[in-house]
Amino acid sequence: MGEQPQGSLIPKYFLHGILFSILFLVLGIFWALILVVLVAIGFFIGLIIGLLVLFFIIGGLNAALTNFVWHTPIKSDWKSLLAHGFVLFIVLLVVSVPSLIIGFAIPSIVTTIVLFIVYCFIDGFVAKNIAGYWEEEDEEDF
């Protein structure tokens, strides 16, 4: 596939990042409710199952968004989604450290809004590149 000019990629990174943020907020609330039930029922094992569900949610969401925004099919078998979600969770956690530090150093609504907008680009870039490791190979490549 041909390379796109860098300028046309920036809006796509933003779109991927903002859609991921908004959809993950909704799915995160749903996940939190499931986690509470799982921990209430199974304590530590419920927590482990809840984290696995979180990784599936993150992996599935990013695979769907990568296909939607970038027209790049991503593997969606359970092992791929689990690994994809785990890796993306860890990388996004590490990448968000500067945002947390800035948010604590300069707490205000303006800081929160600016960081959200900046991190839409960053999260979109990270999510798209992480998804690339699970890109489905074309039949013609074999």
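The values are calculated or read from the model by the stated rules, or taken from the named source; none is laboratory data. Model, not experiment: these values are computed from the prediction. All Cβ positions, glycine included, derive from the backbone under ideal geometry; neighbour counts span all protein chains shown.
Of all the numbered requirements in (1) out of contact with any Cys (no Cβ under 8 Å at 6 or more places or on another chain); (2) farther than 20 Å from Asp138 by Cα, Leu65 misses one, and that requirement is (2).
Hey, any hits in region 54-63 for a residue that's surrounded by fewer than 16 Cβ atoms within 10 Å (Cβ to Cβ) and of a type outside the set (Phe, Trp, Tyr)? Looking through region 54-63, none of the residues is surrounded by fewer than 16 Cβ atoms within 10 Å (Cβ to Cβ) and of a type outside the set (Phe, Trp, Tyr). Among the residues of region 127-135, some residue qualifies, meaning at least one is closer than 18 Å to Phe14 by Cβ, in contact with a helix residue (DSSP H, G or I) (Cβ under 6 Å, 6 or more places away or on another chain) and among the β-branched types (Val, Ile, Thr).
Conditions tested, residue by residue: (1) at pLDDT below 95; (2) under 19 Å from the mean Cα position of the chain (by Cα).
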{"position": "Trp31", "(1), (2)": "no, yes"}
{"position": "Ile58", "(1), (2)": "no, yes"}
{"position": "Thr72", "(1), (2)": "no, yes"}
{"position": "Trp78", "(1), (2)": "no, yes"}
{"position": "Ala83", "(1), (2)": "no, yes"}
{"position": "Ile90", "(1), (2)": "no, yes"}
{"position": "Val97", "(1), (2)": "no, yes"}
{"position": "Ile109", "(1), (2)": "no, no"}
{"position": "Asp141", "(1), (2)": "yes, no"}
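Residues in region 85-113 that are of a type in the set (A, V, I, L, M, F, W, C) and surrounded by 14 or more Cβ atoms within 10 Å (Cβ to Cβ): Phe86, Val87, Leu88, Phe89, Val91, Leu92, Val95, Ile102.
Tallying residues that are under 15 Å from Leu19 (Cβ atoms), of a type outside the set (Phe, Trp, Tyr) and surrounded by fewer than 14 Cβ atoms within 10 Å (Cβ to Cβ) within region 64-84 yields 1.
Going by what's in this entry, would Val118 be described as farther than 18 Å from Gly28 by Cβ, of a type in the set (Val, Ile, Thr), loosely packed, with under 14 Cβ neighbours inside 10 Å and without any contact (Cβ under 8 Å) to a residue 60 or more places away in the chain? Before you say what the answer is, go through the steps one by one.
Numbers: farther than 18 Å from Gly28 by Cβ: yes; of a type in the set (Val, Ile, Thr): yes; loosely packed, with under 14 Cβ neighbours inside 10 Å: no; without any contact (Cβ under 8 Å) to a residue 60 or more places away in the chain: yes.
No; evaluated as a whole, the condition is false for this residue.
Checking every residue in region 63-79 against the condition of being among the aliphatic types (A, V, I, L, M) and farther than 20 Å from Leu9 by Cα gives zero matches. The residues of region 47-98 that are touching a helix residue (DSSP H, G or I) at 6+ places or on another chain (Cβ under 8 Å), assigned to a loop (DSSP other than H, G, I, E, B) and not hydroxyl-bearing (Ser, Thr, Tyr), listed by number, are Pro73, Lys75.
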